[in-house]
Every structure is written in structure tokens, then in C-alpha cells.
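Asker: Once you've had a glance at the structure underneath, I'll fire off some questions.
The values are calculated or read from the model by the stated rules, or taken from the named source; none is laboratory data. Quick caveat: nothing in here was measured; it's all calculated off a predicted structure. Cβ placement follows ideal geometry from the backbone for every residue including glycine, while neighbour counts extend to all protein chains displayed. Surface areas here come from the heavy atoms of the whole protein model, side chains and all, with no ligands, DNA or RNA. Shrake-Rupley method; radii C 1.70, N 1.55, O 1.52, S 1.80 Å.
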Amino acid sequence: MVKRLLKEPLVHFFLIALAIFAMHGVVGDKSVPAPDVIVVTASKIEQMGSVFTKTWQRPPTGRELKGLIDDHVREEILVREALALGLDKDDTVIRRRLRQKMEFLVIDEADAPVPTDAELNVYLKAHPGAFETDPMLAFQQVFLNPERQGDAIARNAASTLEALATIPSTDPASLGDVTQLPPVVELTGKTAIAQMFGGEFAEALDKAPVGQWIGPVASGFGLHLVRVTEHKPGRLPALGDVRAAVMREWANDRRVALEDRRFAELLKRYDVTIENLAVARTVP
């Protein structure tokens, strides 16, 4: 009976298949990486650095290279978690879309609570620079054209400034070079002044004493002698005046914090290896 069974082709096929299955279990598939292990290879780091260099026409700094590596690890973890949740089912989008899906899960949680007025007031006072009203400035200006003045511009600026400061009857409109710039600027926001004359010019006016001629102050047009006639400092508005903006920024900061906290929890489940790259140590 046994001998007859051993002669059957079907039995031979079954025994061969069983042997192959057993060998596969012992040897294993060496091409499949160990689960929950992320290795950022030196070649991958070089590739990221090369892409950065081509994009920005310079090599990344040490901080920027670390940021690229951290972002790659974040993407790898979020993609794996997305796949584990089955977010890729019936979906043909690329890996970055899977990462976005994982991040969108956090947004729903971040949008749930409604902050109290007390919480919004604390946030408003902790971030005054984001909500302060723009300083307002009014000023007079005498323009000195570098192309016309040439090497004498510094000397002429000094003599003109002395005349304005010591002779009260001096008419500013009679001094300086012809220009289409207004000789008198009424109360205008500092941001608008910066857009017209440049950031350094606006900063100089913001720090200038009211009622006193100063200069020369450089702008994108040339040099100016200026006299601030009125200065209204920026102020922190009441919550009722900027509630929508404070609410928006509060919610955004909370979402970012929640996303970082969730990612930190996911990161604990992974063994991340960053291969040493000699060139990375030479990058400032």
C-alpha cells in the first residue's frame, strides 16, 4: 500500500512542495527588511543633499541636512502607519498623499475643542508681535540724488542737515534734488513706508525723535534727510478686535503641537538608524 502510494506522481509533487515550504521557513526571505526598522543610508543622504544643491544652487548646511533627514524619517513612519491602517486601499496616490492622510487625522482632533476667552487672551499676550497694530508715522523729507551729487553727497548732506537744524526759517522744499517722492508724508503705516522706501528706512523713522531733522537715511532711491512730525506707536489690540485672527493662530499652533506629539509617540515604535556620512560632518 505504502509502496504504491510512493509511486503516485501526485504524492511526489506534494512531498516536493512540502520540502520547498520547509526550506523557505528555515532560510527566510532575506530581501524583506525587518519590520519597524528604518535605515537612512549614506546614499540616501547624499541623494537628498544633491537634490537640495540642485534646487538652491548651494549645498545644505548641517542644520538643513538634519532637517532633510528628519523629514525623510517622518515621511517613512507616516507612510508605514498609513499602510498599516489600510489607507492605501483602492487609492492610487503616491506616498506623500498617504503621509497627508495620516496628518489629516490629527487635524480633526485639533479642531474639536473651542478655546475660552481666557485661553485666547493668554495666547494674545504671549504673541504680541503677531497682532500688534502697525506704528503710524508722518514725516518730511529732503531727497539727495547719489547720481547727481556724486562724491560730494556726504558733505552736502551734512551742510543741508545743519541748515535745517539751526535755521528755523529754512524751507525744506527749497533744498535737495528734484524728485517725484512726496516732500511731506501724512500719517502712514510703518509697513506701507517700508514698501515704498525700504525696511531700513522705515526702521530708522520708527526710532527717530519727533520734531528733529536726522540723516542721511538711505532708501532704495538714495539718501534722505527726514523729520518725523508725528509718531503713533503700535499697540496690542483688545481680544474683541482681533478675535478671529487669534482664534485662527491658536488653532493652528494647537494643531502643530498635537501633530508633533502624535508623531513623537509613533517614533517610539521605530528603531531609526542614520548611517554616518563623512561629508555631512564637513557641512557647517
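Asker: Taking every pair of alpha-carbon atoms in the stretch 166-221, give the share separated by more than 15 Å as a whole percent.
Answerer: Working: 860 of 1540 pairs.
That fraction is 56 percent.
Asker: What percent antiparallel are the DSSP beta bridges of the stretch 98-237, to the nearest 5? Mind dumping the intermediate values first?
Answerer: Working: 17 of 18 bridges.
Of the beta bridges lying entirely in the stretch 98-237, close to 95 percent run antiparallel.
Asker: Additional query: State the percent of C-alpha pairs, over all pairs in the stretch 161-268, separated by a distance greater than 16 angstrom.
Answerer: The calculated P(r) of the stretch 161-268 puts 71 percent of pairs beyond 16 Å.
Asker: Binning every alpha carbon pair distance of the stretch 209-280 at 10 Å from zero, what are the percents per bin?
Answerer: Once binned at 10 Å, the Cα pair distances of the stretch 209-280 give 13, 16, 16, 19, 19, 15, 3.
Asker: Determine the relative contact order of the stretch 109-219: mean sequence separation of Cα pairs under 8 Å and six or more apart, normalised by residue count, in whole percent. Walk me through the intermediate numbers first.
Answerer: On the way: 85 pairs, mean separation 34.7, N = 111.
Rounded, it is 31 percent for the stretch 109-219.
Asker: Need one number for the stretch 106-225: average projected area of the convex hull over its C-alpha atoms, nm². Provide the component values of the computation, followed by the final result.
Answerer: Details: hull surface 45.8 nm².
Projected over every direction and averaged, the Cα hull of the stretch 106-225 covers 11.4 nm².
Asker: For Arg248, Arg148, give the ranking by accessible area with the largest first, probe 1.4 Å.
Answerer: Details: Arg248 140, Arg148 175 Å².
Ranked from most to least accessible, the order is Arg148, Arg248.
Asker: Over 27 Å between C-alpha atoms is what I'm after, so list which of Lys66/Lys268; Lys66/Lys125; Lys66/Lys207; Lys125/Lys232; Lys125/Lys268 land there. Don't skip to the answer; put the middle values down first.
Answerer: On the way: Lys66/Lys268 19 Å; Lys66/Lys125 33 Å; Lys66/Lys207 39 Å; Lys125/Lys232 20 Å; Lys125/Lys268 35 Å.
Cα-Cα > 27 Å for Lys66/Lys125; Lys66/Lys207; Lys125/Lys268; rest within.
Asker: What FRET efficiency would be calculated for the residue pair Asp260, Ala118, taking the C-beta separation as r and a Förster radius of 25 Å, to the nearest 0.05? Write out the running numbers ahead of the final one.
Answerer: Numbers: r = 24 Å, r/R0 = 0.98.
Here the calculated transfer efficiency is 0.55.
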